[in-house]
Amino acid sequence: MVDWYLWLKAGHVISFVAWMAALFYLPRLFVYHVEQRGSVPEAMPMLEVMERRLLRAIMTPAMIATWFFGMGLIGLGVVDWSAVWPWTKAAAVLAMTAFHMWCAAERKRLSTGRSTMTGRGFRIANEFPTLLLIVIVISVIVRPA
């Protein structure tokens with residue numbers, strides 16, 4: 001079991017890092033998208049390709065892998081559900097997943113010209129994964145009571 005635990009944990013951390021990197025970068029691409037739309041329209045096709053590929057080739061597979069490895073760890077029975085930390089982590093991961101889905105929907109709205117978000121709005125939204133990252137890391141490392 002120890003070998004499985006270590007491999008699952010390593011996979012979980014690696015996929016989570018990749019997911020976080022993409023969650024930090026995609027809203028930044030959205031900022032460029034809305035702020036350059038009028039002044040540099042020739043950049044839009046390139047930004048749309050970058051957004052789509054980031055979401056489909058990195059962000060979504062990393063999210064799925066994070067969930068897969070995390071569920072594997074839970075399946076090993078290494079989580080003490082009577083403690084507070086797994087519940088705060090689970091809530092933050094669910095919120096992170098919801099943010100991921102919002103980003104996917106927003107990418108579609110941007111590509112069809114229906115997004116009402118501003119560059120400032122995307123900059124503010126870009127802080128949400130950071131807050132969730134703080135909650136997740138503190139939950140797992142510090143394990144507050």
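Tabulated data for the structure shown
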read-out	value
Euclidean distance between Cα centres, the stretch 106-136 to the stretch 1-48, Å	12 Å
Tilt relative to the chain, helix 85-112 - C-alpha long axis, 0 to 90 degrees, to 10	20 degrees
For Arg143, distant residues with modelled amide H under 5 Å away	none
Potential lengthening between Ala83 and Lys108 on full extension [0.36 nm per residue; Cα-Cα distance subtracted]	5.1 nm
Ala90/Val49 FRET efficiency (R0 35 Å; Cβ-Cβ; nearest 0.05)	0.50
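All of the numbers you see were taken from the coordinates with simple rules; none came from a lab. Remember, it's a predicted structure, so these values are computed and weren't measured experimentally. Please note: Cβ atoms are built from the backbone with ideal geometry, for glycine as well, and neighbour counts cover all protein chains shown.
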